[in-house]
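Take a look at the structure below.
Coordinate-derived values only; no laboratory data. Just so it is clear, the model here is predicted, and its values are computed rather than measured. Cβ placement follows ideal geometry from the backbone for every residue including glycine, while neighbour counts extend to all protein chains displayed.
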Amino acid sequence: MNKKNYQKDFFIYGVACFALFFVPLILGNDPFYINKSSTYICLGLLAVSLSLSWGYTGILNLGNAVFFGLGSYCMAMSLKLKTDAVHTGSGGLPDFMVWNNVKTLPWFWEPFHSLTFGVFAGIFVPVLLALALGFSILRGRIAGVYVAIITLAVLLVVYLLIMDQQRYTGGFNGITDLVTLKVGILEFDAYHPATYYLITIVMTIVLFITLLITKSRAGLIFQAIRDDENRVRFLGYDVGNYKTAAMCLSAAIAGIAGMLYTIVMEFASPTFLAVPLSLSIVIWCAVGGRQSLLGSFLGAIVITAGQGFLSESETFLHTWTLVMGFVFVLSVLFLPKGLAGFFEKYFKK
Amino acid sequence: MENKKKLLSLESIIVDFDGFKAVNDFDLNIFDGELRCLIGPNGAGKTTVLDIICGKTKSSSGKVIFNNESITNLEEHLISRKGIGRKFQIPSVFKELTVQENLYVALNSDLGFFKNVFKFFNKSDREKIEEIASFVGLKDELKKTAQFLSHGQTQWLEIALVVLKQPKLILMDEPTAGMTSYETNQTAELFNKIKKTQTLIVVEHDMGFVKEISDIISVMHQGKLLSEGNASFIENDPKVKEAYLGKKGITNA
Amino acid sequence: MDFFISQFISGLSMTSILLMISLGLAIIYGTTGVINMAHGEFVMIGAYTSWFLQTTFGMGLLVSIIPIFLITALMGFLIERIVIRHLYNRLLDTILATWGIGVLLQQFIRLTVGSELKYLKIPSFMAESMTLFGQEVSIYRVFIFVFAILTFFVAWFIIFKTSFGIRLRAVTQNKDIASCFGINSGVVYSSTFAFGTGIAAVAGAFIAPLKSISPDMGTNYIIDAFMVVVLGGVESLIGTAASSLIIGETSSFLASFSNDTLAKALVLLMIIIILRIKPQGLFTKRTRS
Amino acid sequence: MSNKKKTKLSVKRRSFLTNTVKAGVFSAAAVSGFPYVWFKQGNAYAAKNEIKVGVLFSLTGGLAIIEESLHKATIMAIEEINAAGGINGMKLRAVEADPASDPATFAAKARTLVIKDKCVTVFGSYTSASRKAVLPVFEKQNNLYFYPTLYEGRECSKNVIYTGAVPNQQQDDFIPYLVKTYGKRWSLIGSNYIYPKEENNYCKILLKKLGCEVLMEEYVPLGHSEFSSVVNKFKNDKPNVIFSTVVGDSVVALHKQYRAAGLNPEKMPMASLTTSENEVAAMGGDAAAGHLTSAPYFMVHQSAENEKFVSSYKKRWGSDKVTHFVSEPAYFGVYLFKQALEKIGKGDITPNTIREAVKGQEMIAPQGKIKIDPATLHTYLWPKIGICKSNGQFDIIQKTDQWRKPIPYAAYPNQTCTEKGLVTS
C-alpha cells in the first residue's frame, strides 16, 4: 500500500518472471522439459486467476476450470479448422463431425476460421459467462458455500453439455489432431522454445497487469469485500458489481491460460473443465497462498510438478496419491496462508 | 426545536420475522443536527430500527423518508450514497488491511469499479487520511493491520470510516460496548466533536454516556416507541420505569 | 398412465437413494458448518466395509448394518478429532482438508483391496421383483425406499427428541451460549460428525448392491448430495427430504423424455435458478441479522 | 496418414530453417531448439543391453478399475520374456507411469516415456479419449504405440499397432446370430461417447440389411449408475434384443438393475461388446447369466496357450483374478513386439524398423492364431460369441470358422485404410 511495500512486491515479481526466461537455457532447450515447463506455467496462470477471485475478493469459485476449458476449446476450434488431417470431410469439416454424420459446419464454428476471432473468443466467451454468473449470483446476494456449490453446478452443466453435444464438441474425446499455431513466420510447436517464450511473455504481462490491479484502489476494495462485505456496502460501493468485475477478470485470465494450454497439449479435452481439475486449482492456491498471486502461481507449479514426479518414480508409482493427500491436509492445517504466508512470516520483514 | 428541518422520519414501520414482529408500527422523527439516543431493554428492536434505516433489513410495511424522499427498502449502497452512515455493534473493519488502507477504501467519492481500477494512493489522499486519523486518535497506528488494534481503537477506526464519507446522518450501534471507562470518555469527546457537523442516532445502554452526549432520548419497548424526551423527563416517566427499569434508578441500569 | 406410474416409482427410488446419501451431509453441514468433500468417500467406505463383512464373515446386509455404522462412525470421530476440529474458525478451508482426506481414503482402499470393481450381492430374498400399482418393481428398491424413510425418522428423532439432539441444536444455534450452559461443544461436534459419517456409510452399504463398488464411486455421489442439501436449505431435515423428492422425481421424468445426460444438466440448471430466487434454499426461515 | 505427417515434418524443418533466418527475435531459441528434430534418429533405443518400453495404464482414477488388469497383463508378459532370456540377449525394461485416468496426464506421460525416457515403444491406454490424447505425441515423435483395446475403428495411424477388435470383427457374426435367435426389435443403449456411437452406426447398418427395427437409441453419461428410467423404457418397448455398449462400472449397475427389475434375459437379452469377465465378476453371476457378449477371447477358451496364460496370470496376480478380451491383447501385444525385434535381429532398433517388422507378423495367441494386417496395422482376430453363466464364466456358443480381417472403416465403404494411409474414393 505504501510505496516501499509496492516496490518490494514489483521487484520480487519482476525477478521471478525474469528468471523464467532463462529456464530454456538452463534446460539446454531439451524439448521434453521445455514442453513440461510450458504446461506448468499455463497451470500457474490458471491458479493466478483463482487467486484473484478467491484470495483477493473472497469468491470461492469451485468452477473456475470452466473458464479455462472454454478458453482452450476456443483455441482448439480455431486450430482444428486449419488441419489438413485426412479425416476431415468436405471443406475441412472436423473429423469428429464426419464421424457423427454432421454434414455442414455449424454456424458457431464458422467464425473460428479466423485465428484472431478464436483468440478473442478465448477471452470473451469466459468473460461473458462470468458476467452472466456475476449478475445472476453475486449481485443476488448469494455468498459463501452457496457460491461454491453453484459455480460447481455451472461447471457440471457446461461439462455435461459438451459431453452430450459431441457432434459439435467432440464429446469425451475432445478436439484432437490440431495444427501447430502459426503467427506470421513464427511457428509455435509444443516442444519448441518459441512456444515457451510466447507463454512466458503472455504470463508476465498478465501477471503484472493483475498485480497492478490488486495494488490499485479497486484491488483494495476487492480485499475489503473479502474481509467485510457489509461494511463495504455501507460505504456506498456496489459490492455486486465489484465481485462481478473480479470474476470477469479471473475468467479472462483463466481463458488465456486455457488457450496457451491447448497449444502445449496439442488437444482440448472436456477434462479441462471437469471437477477434478477445478478442485485442484483450489488446492494449488491453498498450498501456494491464495492471497498472493505469485504464491498461487508457485503453488500450482510445486503441486503439479510434484505429482508428475511422484507418479513417474518407481517408488511412489502406487502411493503418490497418498503423499499428495497428506500434503493437502497438512498444508491446510499448518499453512493457513500457504507457502507465501510462510515465507512472509520467516524471510521478509 | 420544531423550527428545525426534519431530516429523517419513520412512518409506522413493521418488521415481521416469520410471525415475530421485531418492530411493530414504529414512528420516529429525527431533526437536522440533533443527536438522538435510542434506548430500551434487549430485544426492544433498537438495532432492527437502525437496520431498517440503512437498508440492512427490509421492512414488511411502513415508510422511511430521508431528506423528503423515500428510501424505503432501497439497497444498502444506494442508501449510503444518499448520506446515511452506519456503525455496527460488533466493530466491522477490514481486518487484513492496514488502518491506512481501511481509510483509503472509505475515502472515495467515485465508487464505480472502472473509476478505481487503475487508481493509486497519492499525496492528497495521504493528507486527508492523516487528518481523519488524528481526529479519531489513530495517527500513530496508520501502518498497523486492523486485526491487531485494541477493541477501542477498532471502534474508532470504524467511526472514522463512517465519518470520512461525510454523511448527513450517522447511525451508531452501541459505540461504547466493551470499552474501558477511559476509552468511553475518549469516545464521548469524539461524539461531541462529530455532533457539531453531523446528525446522529445512537443506540446505547450506558446511561452515563447517553446523558453525556444526547439531547433527546427515545425509549423503545417491544418494537414500539414507549417514550421520548430529555434525560430527566425519561428518568421520571413511570411508563419507562415499570417497562424497563423496575424499581431501580435508570442511572445504574 | 402405466408409464407415468413407473416413472414416478423410479423417481421415488432415486429420491430414497438421494435422501440416504445426503442425510449425513445435511446433519454434518447443518450442525458444524463443515463442508465435507470426503462424504462421497464415507459412502464408499461403507460399501467396502459391507463387502468386507460379507466376503470374510459371510454377514448378510441387514446383520451388518450395526457393525458398519459403528466402524465408520469411529472413523468419522477420529477424523473430526485429528483434522476437522482445528478448522472450525475457517470453515471454507474444510473443503480442502476433507478433499485431501477423500483422496487418502480412496488410495487406501486401492492399496488394500485393489482398484478393480467389487461384487456385493442383493440379499437373495429381495433379489426378485414384486407388483406394485400394476408395475413390476424391484423388491430391493422398495426396501431401500422404506429404509431411507426409516433412517430419516431415526435421525429426526435423535435430533429433536433426545437430550443429545437438544444439546446438538443448542450448539448449532449459538456455540458460545451453549458452552456457557456447560455443553461441551467439542464432544457434540465430534459425535455429530461420527453420526453423519455412520449414516453415509450405511447408505453406501445399501446402495452398493444396486450399483458397482469401486474406490472412486464416491465422487459420483458427493455432488448430488451437495445439491440436495443446498437446495433444501442447510438447517432443515425436512428441506433435505423435500429436495431429494424434487430432484429425484424431476430427473426421473426428464430422463424419460430426453436422456440421462441432458436430464442431469437440466436438473442442475433448475437448482441454480431456484437458488437464485431463494438464495438460502427452499426451507429456511427469515431471522434477525 | 503417415505420409501426410512425414511431409508435414519435413515442411516444418524447412520452415524452421527459414524461420531461424527471418525471426530475429527467436533466432537463438530456434537454433538451440533445432537439435530436437534429430534426436529421433540414431540407435539410442537399445542402450547398454536393455530395451526400454513404456507401460502407460491408469493405476488411479476411474479407469483404474479396468486398466489395472491391462497393466498387470503387460508387466507379466515382459517378465516372462525376460525370464526366458530376453530378446537377442537384451532384456526388456518396463518404464511405468500412472496417467491417473486423465487424458491430459496421458499426453504428459506419453511425452515422458517417448522423449525423456526414450522408450522405443509404449504399451497403453483403454479409452479412445486417452489414445486420441497421446496420438499427437507418437505421430510427431514418430514413435510406436501398442493399443490393446477393442475400439470404434476409423483410425489409420502408422504409429499405432491395434491388437483389439474393430466393429466388423465383433459384429459381423454377432448381429445376424442375435436376429436369428431372438428377433428383429432392437434397443440400443450405450455410454455417451464416440465408441458406442460408432459401434451403433455400424450395428444399424447391419440391422437395416436384416430388416430390423430400432426402438430406442440412448446414451448415458460415463460413470452413470442410475438406470431405472432406462429399464422402464425397456419394459415399455419390450425389445427382442438390447444391444449394450455401456462401459466401465455403469455396465455393472445396468445389469444389476435390469435383474432387480425382474426382466428376463431369455426373452430380452442384453447383447454386449464390452461386458467381459472383469465386469461380470463385479456384477455377480446371477445378474450376468443369460446375457451375451461377442469378443475374440474368453477366459474359458480351450487352447494350450490360453491355459498357460490364465494359470500364470492367476499365479502371478492372485487366484481370484480373471483374464478378459482386453487383457489378452495387452498380453500378446508384448510377444508381437518380441517377434518383431527378433526379426530385426542385429539390425537397427527404432520405432520405424519395429513397425516394418511387425507388419504381417503371425503368432499363436491365447485366442488362436493372429496376424497383423500390413495395410492397417490392425489385427486378424477370432471373434466368438459367449453367453454368460451364473458362475461368472461364459459358454462359447459360436466361433468363426476362419480369422476375421480387421476393417477399420467398415461403416464407410468409400474409405479404406492402406499402407499409404487413408484412401477416400
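How far is it, in nm, from the label point at B:Arg126 to the one at A:Phe21 when both lie 7 Å from their Cα along the line to the Cβ?
Once both label points are built, they end up 3.2 nm from each other.
Could you check the spin-label model distance between C:Lys161 and C:Ile5? Points 7 Å from the Cα along Cα→Cβ, value in nm.
3.3 nm
What list of ³J(HN,Hα) values in whole Hz, one per residue of the range B:44-52 in order, does the Karplus curve 6.51 cos²θ - 1.76 cosθ + 1.60 (θ = phi - 60°) give from phi, with Gly and Pro shown as x?
Rounded to whole hertz, the list is 6, x, 4, 4, 4, 4, 4, 4, 4.
Does the range C:1-117 come out rounded, prolate or oblate, given a ≥ b ≥ c as the square roots of the eigenvalues of its C-alpha gyration tensor, rounded meaning a/c under 1.5 and, failing that, prolate meaning a/b above b/c?
Oblate, since a/c reaches 1.5 and b/c is not below a/b.
Of D:Thr350, D:Met299, D:Pro383, which is farthest on the positive side of the dipole of the range D:295-400, counting Cα position, with +1 on Lys and Arg Cβ, -1 on Asp and Glu Cβ, and the Cα centre as origin?
Positive-end residue among those listed: D:Met299.
Tell me the Kirkwood hydrodynamic radius of the range D:267-342 in angstroms, computed as one over the mean inverse distance between distinct C-alpha pairs.
13.9 Å
Mean separation of Cα pairs under 8 Å and 6+ residues apart, divided by the residue count of chain D: what relative contact order is that in percent?
Contact order relative to length: 17 percent.
Along the Cα-to-Cβ line of B:Ala177, 7 Å from the Cα, sits a label point; which residues in the range B:79-94 have backbone N less than 11 Å from it?
The answer is B:88-92.
When Cβ neighbours within 10 Å are restricted to other protein chains, what is their mean count per residue of peptide B:220-230?
Across B:220-230, the average partner-chain Cβ count within 10 Å equals 0.
Calculate the spin-label point distance for A:Ala132 paired with B:Asp32, positioning each point 7 Å from the Cα along the beta-carbon direction, and give it in nanometres.
So the label points at B:Asp32 and A:Ala132 sit 5.1 nm apart.
How big, on average over all directions, is the shadow cast by the Cα convex hull of the range D:169-295, in nm²?
6.6 nm²
Go ahead and estimate [θ] at 222 nm for chain C from helices alone: -39,500 (n - 2.57) per DSSP H run with n ≥ 4, summed, over the residue count, rounded to 500.
Calculated at 222 nm, the ellipticity per residue is -25000 deg cm²/dmol.
List the relative contact order of the range C:192-271 as a percent without decimals, with contacts defined as Cα pairs under 8 Å and 6+ residues apart.
Relative contact order here is 16 percent.
Rounded to the nearest angstrom and ordered from largest down, what semi-axes does the equivalent ellipsoid of the protein assembly as shown get from its C-alpha gyration tensor (root of 5λ)?
Semi-axis lengths for the protein assembly as shown are 62, 38, 26 Å.
Whole number please: convex hull volume per residue, Cα atoms of chain D, in Å³.
145 Å³
To the nearest 20 debye, what is the magnitude of the charge dipole of chain C about its Cα centre, counting +1 on the Cβ of each Lys and Arg and -1 on the Cβ of each Asp and Glu?
860 debye
For chain B, what proportion of DSSP beta bridges, expressed in % and rounded to the nearest 5, is antiparallel?
Roughly 55 percent of the DSSP beta bridges within chain B come out antiparallel.
Got a sec to turn the phi values of the range D:378-388 into Karplus ³J(HN,Hα) couplings, 6.51 cos²θ - 1.76 cosθ + 1.60 with θ = phi - 60°, whole Hz, x for Gly and Pro?
Calculated HN-Hα couplings, in order: 8, 10, 6, 10, 10, x, 9, 10, x, 10, 7 Hz.
Please report the antiparallel percentage of DSSP beta bridges with both residues in the range D:263-408, rounded to the nearest 5.
The antiparallel fraction comes to roughly 90 percent.
What is the magnitude of the charge dipole of the range D:63-143 about its Cα centre, with +1 placed on the Cβ of each Lys and Arg, -1 on the Cβ of each Asp and Glu, and no other charges, expressed in debye to the nearest 20?
Using Cβ point charges on Lys, Arg, Asp and Glu, the range D:63-143 gives about 360 debye.
May I have the extent of the alpha carbons of the range C:112-243 along their three principal axes, as whole Å values ordered from largest to smallest?
Each principal axis gives a Cα extent; for the range C:112-243 these are 55, 43, 27 Å.
Which is farthest toward the positive dipole end of chain C among C:Val137, C:Ile274, C:Cys180, measuring Cα position about the Cα centre, with Cβ charges +1 (Lys, Arg) and -1 (Asp, Glu)?
The one lying farthest along the dipole's positive direction is C:Cys180.
Within 10 Å, at most 16 other Cβ atoms, and a DSSP state outside H, G, I, E, B define an exposed site. Report the longest part of chain C free of exposed trypsin sites (Lys or Arg not before Pro).
Between exposed loop sites, the widest span is C:91-284.
Listing A:Asp177, B:Asp16, D:Asp173 from the residue with the fewest other Cβ atoms within 10 Å to the one with the most, what is the order?
B:Asp16, D:Asp173, A:Asp177
Restricting to chain D, what percent of DSSP beta bridges are antiparallel, rounded to 5?
Restricted to chain D, the bridges split so that about 40 percent are antiparallel.
Taking +1 at the Cβ of each Lys and Arg and -1 at the Cβ of each Asp and Glu, which of B:Ile71, A:Val183, B:Ile213 sits farthest along the dipole of the protein assembly as shown towards its positive end, judged by Cα position relative to the Cα centre?
A:Val183
Per DSSP H run of n ≥ 4, the term is -39500 (n - 2.57); total these for chain D, divide by its residue number, and report the mean residue ellipticity at 222 nm rounded to 500 deg cm²/dmol.
-12500 deg cm²/dmol
Please say if chain C is rounded, prolate or oblate, where rounded means a/c under 1.5 for a ≥ b ≥ c the square roots of the C-alpha gyration tensor eigenvalues, and otherwise the choice is prolate for a/b larger than b/c and oblate otherwise?
Cα axes put chain C in the oblate bin.
By how many nm would the segment from D:Lys308 to D:Lys399 lengthen if fully extended, with 0.36 nm per residue of separation less the alpha-carbon distance?
30.7 nm
Angle between the Cα long axis of helix D:228-237 and the longest principal axis of chain D, 0 to 90 degrees, nearest 10?
60 degrees
Straight-line reach from B:Lys63: which aspartates and glutamates fall under 14 Å, measuring Cα to Cα and dropping same-chain residues less than 8 apart?
Filter leaves B:Glu11, B:Asp25, B:Asp27, B:Asp51.
Given contacts defined as C-alpha pairs under 8 Å and at least six residues apart, what's the relative contact order of the range C:80-143, whole-number percent?
The normalised contact order for the range C:80-143 reaches 16 percent.
Compute the distance from the alpha-carbon center of the range B:135-190 to that of the range D:206-277, in whole Å.
Going from one Cα centre to the other spans 71 Å.
Can you pull out the trypsin sites (Lys or Arg not before Pro) in the range A:52-135 whose DSSP state is coil and whose Cβ has at most 10 other Cβ atoms within 10 Å?
Passing both the DSSP loop test and the Cβ count: A:Lys103.
State log₁₀ I(q)/I(0) for the range A:174-282 at q = 0.14 Å⁻¹ as given by the Debye formula over alpha-carbon point scatterers of equal weight, solvent excluded.
With no solvent term, the Cα-only Debye profile gives -0.74.
For the cross-link pairs A:Lys80/C:Lys118; A:Lys103/D:Lys116; D:Lys116/D:Lys158, which exceed 30 Å when the distance is taken from alpha carbon to alpha carbon?
Going by Cα-Cα distance, A:Lys80/C:Lys118; A:Lys103/D:Lys116 fall outside the 30 Å limit.
Once the Cα atoms of the range B:1-115 are picked out, what are the Rg and Dmax in Å?
My reading of the Cα-based Rg and Dmax gives 16.1, 46 Å.
At 222 nm, what value in deg cm²/dmol follows for chain A if DSSP H runs of at least 4 each add -39500 (n - 2.57) and the sum is divided by all its residues, to the nearest 500?
-21500 deg cm²/dmol
Using the membrane-span-like helix rule (whole DSSP H runs, Cα extent along the own axis of at least 27 Å, mean Kyte-Doolittle hydropathy at least 1.0), which helices of chain C qualify?
C:2-32, C:61-82, C:92-112, C:139-161, C:185-207, C:237-257
Rg over Rh of the range D:56-212, using C-alpha atoms and the Kirkwood radius, what does it come to?
For the range D:56-212, the value is 1.06.
Explain nothing, just the number: dipole magnitude of the protein assembly as shown about its Cα centre with +1 on each Lys and Arg Cβ and -1 on each Asp and Glu Cβ, in debye rounded to the nearest 20.
1940 debye
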